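Student: Shown below is the structure under consideration.
Please treat every number below as a calculation from the coordinates, not as lab data. If you're wondering where the values come from, they're calculated on a predicted model, not measured in any experiment.
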Amino acid sequence: IYHLHNTSHHNNKSTINTLTIINNKMDFETCAQSMRDKNKKMKLSSDQKGQIYGLYKQATCGDNTSTAPSFVQLEAKAKWKAWENEKGKSQDDAKKAYIDFCTALLN
């Protein structure tokens, strides 16, 4: 999220536009809340849901270090795989990817 601020300098009476970027954590949290609010109304594929989950877990927890669930635990196994697919991505990169992916879905 970007905010444009006008700052006047009294010395030369010129106006300078400064671009202030709100930190990635705030952007990520805002995006995650928007996804929670709109998730039920959106028609997402299993792959899209998996990517959202995997990026969110990587962004908030880092690499998946848990053992894989049993193959009979279908939902847990799918979530584990989605998170495992993001392994090695930094938490900041995962936040950026989450924001980009979800923003495209929300628009």
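Student: Label segment 19-107 by shape, choosing from rounded, prolate and oblate, from the square roots a ≥ b ≥ c of the eigenvalues of the Cα gyration tensor; if a/c is under 1.5 it is rounded, and otherwise prolate applies when a/b is larger than b/c, oblate when it is not.
Tutor: Oblate shape, in that a/c is at least 1.5 and b/c is the bigger or equal ratio.
Student: Of Lys40/Lys79; Lys40/Lys87; Lys57/Lys81; Lys38/Lys79, which pairs sit farther than 23 Å apart, going by alpha carbon to alpha carbon?
Tutor: Correct reply: Lys40/Lys87.
Student: Would you list, by chain and number, the aspartates and glutamates whose Cα falls below 20 Å from the Cα of Lys41, excluding same-chain residues fewer than 8 positions away?
Tutor: Result set, ordered by chain and number: Glu29, Asp100.
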